[in-house]
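*Asks:* So that we are looking at the same thing, I have put the structure below in structure tokens.
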Amino acid sequence: MRPETLILIMAAAVLAPLLARAAGHWIRVPLVVFEIVLGILIGPDVLGWAEPDAVVDTLSRLGLAMLIFLAGYEIDWGAVRGDTLRRALWAWLVALALGLGVALGLAGGDTARAVVIGTALTSTALGTVLPVLRDSGGLKGRFGTVTLAFGAVGEFGPVIAMAVLLSGRRPAESVALLVGFAVVTGLAVLWALRPRPPWFSRVITETLYSSGQFAVRFVMLLLVSMLALSAVFGLDTLLGAFAAGVLTRIVLDRAAPESGPEVLGRIEALGFGFLVPLFFVVTGIEFDLAALLSGGRALALLPLFLVLFLVVRGLPVALLAPRDLGRADRRALTLFCATCLPLVVAITTIGLDQGTVTSGESAALVGAAMVSVLLFPPLALRLRGGSGAARAVPRGEGSETW
């Protein structure tokens, strides 16, 4: 372990919100952009101060898992079911077909490469978008419900696709393992829906402000258990993280609804205060800037991928969004759903490990995803603010995100 690397990463994590707050006087920039840019700055392609090791990589993977866990927790499946959820599913399936078709052309008929690129084009960074929506008041009301539904499918769908298409196994074998995981997860959901014994709620309440922290420890047990379960089935651990978030919400809502927000706040403090920013800074450190700036195809692909995020992921969302949304809300929904990053990093990492994509293609995809985080959410908020649909965030508020 190189302690100086971890110190530099946490220093970047501390500096990022200060820079975001200072920049907020002129332009709103998502916090994640500063975290990644600072990672690039201290990484091997610029200053060369930080070099990831096994410990840092492990913490980074935990940060990604925490980000997906919080996205799974945030979704109220009771609110997004029905026609809204059906439209979200169809929008993602259309995006997957469109993405694979476009990627097949870009990859020159290379199926393995097309699967990596096409799947990456269908993702939505719900874990990144949620803090933006929360701080702007956009999670409330119909728009928030629809965004959660489309964003959840855009987060969950690529994870399923990764498990089936990028596992290196035969599709039939991957589907069988996925079904087995779904059955076990379904049994866990049934367990979570059962009434908890009275002592469970009492222990949560009694230890909430003590060193015991039973609820937080229980949530962490659920998270690592689902991560382990997905690993046992040979599936990507992000699937387990998402399922853990869903399970945690069910358990806390039924066992201790009055303590749920406080427990979530403490989990978010651990996630957004330590693990999640560490993941984004490490993403910057590992970003292959040299491959991107070497010119040629990689640099030309970056703006193309940015446009494809809008076309492949955004266009089906715009066409299939519920008709009760106004024009400004539909456009904002399109931009939010076309915002991506964490899963693009995860998918391209798998592609690099398998040798199916080049470092230049990976850098172009991740670079385009970074630009989507920089451009699309502010544009979406401006559209909604201009329509009077959302409360504008005064300067100084929401500094955790912007």
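No lab work stands behind these numbers, since they all come straight from the coordinates. This is a predicted model, so every value here is computed, not measured. Here Cβ is always computed from backbone atoms with ideal geometry, including for glycine, and neighbour counts include all displayed protein chains.
*Asks:* Which of the listed residues, A328, L208, S372, is farthest toward the dipole's positive end in the chain, when Lys, Arg count +1 and Asp, Glu count -1 at the beta-carbon?
*Replies:* A328
*Asks:* For the chain, what does the helix formula give at 222 nm: sum of -39500 (n - 2.57) over DSSP H segments with n ≥ 4, over the residue count, nearest 500 deg cm²/dmol?
*Replies:* Result for the chain: -24000 deg cm²/dmol, rounded to the nearest 500.
*Asks:* Could you give me the percent of Cα pairs per 5 Å distance bin for the stretch 196-329, shortest bin first, beginning at zero and ending with the bin that holds the maximum distance?
*Replies:* P(r) for the stretch 196-329, in whole percents per bin: 2, 8, 11, 12, 12, 12, 14, 12, 8, 5, 3, 1, 0.
*Asks:* Please report the equivalent ellipsoid semi-axes of the stretch 1-135, computed as sqrt(5 x eigenvalue) of the Cα gyration tensor, largest first, in whole Å.
*Replies:* 32, 23, 16
*Asks:* So, with +1 on the Cβ of K and R and -1 on the Cβ of D and E, and no other charges, what is the size of the charge dipole of the stretch 280-339 about its Cα centre, to the nearest 20 debye?
*Replies:* 320 debye
*Asks:* How do 192-201, 365-374, 322-331, 56-65 rank on mean C-beta neighbours within 10 Å, highest first? Could the numbers behind the result be given before it?
*Replies:* On the way: 192-201: 12.6, 365-374: 24.2, 322-331: 15.5, 56-65: 19.8.
Highest mean packing first, the order is 365-374, 56-65, 322-331, 192-201.
*Asks:* Additional query: Less than 13 Å Cβ to Cβ from I40, Lys/Arg counted +1 and Asp/Glu -1: what total charge do the surrounding residues give?
*Replies:* Numbers: positive: none; negative: E35, D45, E286, D288.
Once positives and negatives cancel, what remains is -4.
*Asks:* Residues with amide H under 5 Å of A125's amide H, sequence separation 5 or more or different chain, H placed in the peptide plane at 1.01 Å from N; which?
*Replies:* T339, C340, L341
*Asks:* Please report the equivalent ellipsoid semi-axes of the stretch 57-168, computed as sqrt(5 x eigenvalue) of the Cα gyration tensor, largest first, in whole Å.
*Replies:* Values: eigenvalues 142, 66, 26 Å².
Each semi-axis is the square root of five times an eigenvalue, giving 27, 18, 11 Å.
*Asks:* Also: Name the shape class, rounded, prolate or oblate, that the alpha-carbon gyration tensor gives for the stretch 262-330, where a ≥ b ≥ c are the square roots of its eigenvalues, rounded holds for a/c under 1.5, and otherwise prolate holds if a/b is larger than b/c and oblate otherwise.
*Replies:* oblate
*Asks:* Summing +1 for each Lys or Arg and -1 for each Asp or Glu, what net charge is found among the other residues whose Cβ lies under 14 Å from the Cβ of S359? Please list the in-between numbers first.
*Replies:* Working: positive: R113, R297; negative: D45, E286, D288, D353, E361.
Value of the local net charge: -3.
*Asks:* Let me ask another. Mind checking which helices in the chain clear 24 Å along their axis (Cα) and have mean Kyte-Doolittle hydropathy of 0.0 or more, DSSP H runs only?
*Replies:* Within the chain the helices that satisfy the rule are 3-23, 54-74, 83-106, 141-165, 171-193, 214-232, 237-255, 359-386.
*Asks:* Loop-only check: which GluC sites (Glu not before Pro) in the stretch 170-274 are DSSP coil with at most 13 other Cβ within 10 angstrom?
*Replies:* Here the sparse-neighbourhood loop sites are E258.
*Asks:* Right, something else. Determine the distance separating the Cα centre of the stretch 238-277 from the Cα centre of the stretch 310-341; give it in Å without decimals.
*Replies:* Each part reduced to its Cα centre gives a spacing of 27 Å.
*Asks:* Also, quick follow-up: What is the magnitude of the charge dipole of the chain about its Cα centre, with +1 placed on the Cβ of each Lys and Arg, -1 on the Cβ of each Asp and Glu, and no other charges, expressed in debye to the nearest 20? Please report the intermediate quantities before stating the final value.
*Replies:* Details: 30 positive and 27 negative charges, 272 e Å.
Computed about the Cα centre, the dipole is about 1300 debye.
*Asks:* Taking the stretch 68-127, how much of its Cα-Cα pair set, in percent, is spaced more than 13 angstrom apart? Before the final figure, lay out each step's value.
*Replies:* Values: 1178 of 1770 pairs.
Value for the stretch 68-127: 67 percent of Cα pairs lie more than 13 Å apart.
*Asks:* Treating each Cα of the stretch 100-142 as an identical point scatterer and ignoring solvent, apply the Debye formula and state log10 I(q)/I(0) at q = 0.15, 0.27, 0.31 Å⁻¹.
*Replies:* At q = 0.15, 0.27, 0.31 Å⁻¹ the computed log10 ratios are -0.52, -0.81, -0.95.
*Asks:* If the only charges are +1 at each Lys and Arg Cβ and -1 at each Asp and Glu Cβ, what is the size of the charge dipole of the stretch 221-340 around the Cα centre, to the nearest 20 debye?
*Replies:* Taking the Cα centre of the stretch 221-340 as origin, the dipole is about 480 debye.
*Asks:* Plugging the Kirkwood radius over Cα pairs into Stokes-Einstein for the stretch 266-306, at a temperature of 20 °C and a viscosity of 1.002 mPa s, what D comes out in µm²/s?
*Replies:* Approximately 175 µm²/s, per Stokes-Einstein.
*Asks:* Here's a follow-up. If the chain were replaced by its equivalent ellipsoid, with semi-axes equal to the square roots of 5 times the Cα gyration tensor eigenvalues, what would those be, largest first, whole Å?
*Replies:* Its equivalent ellipsoid spans semi-axes of 30, 25, 24 Å.
*Asks:* Follow-up question, since we're still on this one. Which of the three applies to the stretch 1-81, rounded, prolate or oblate, going by the alpha-carbon gyration tensor with a ≥ b ≥ c and a/c under 1.5 meaning rounded?
*Replies:* The shape class here is oblate.
*Asks:* Taking K and R as +1 and D and E as -1, what net charge do the other residues with C-beta under 11 Å from the C-beta of D324 add up to?
*Replies:* +1
*Asks:* Further, regarding this structure: Using only the Cα atoms of the stretch 133-255, build the gyration tensor, take square roots of its eigenvalues as a ≥ b ≥ c, and label the shape rounded, prolate or oblate: rounded if a/c is under 1.5, else prolate if a/b is larger than b/c, else oblate. Display every interim value, and only then the final one.
*Replies:* Numbers: a/c = 2.29, a/b = 1.35, b/c = 1.69.
It is oblate, given that a/c is not under 1.5 and a/b is not larger than b/c.
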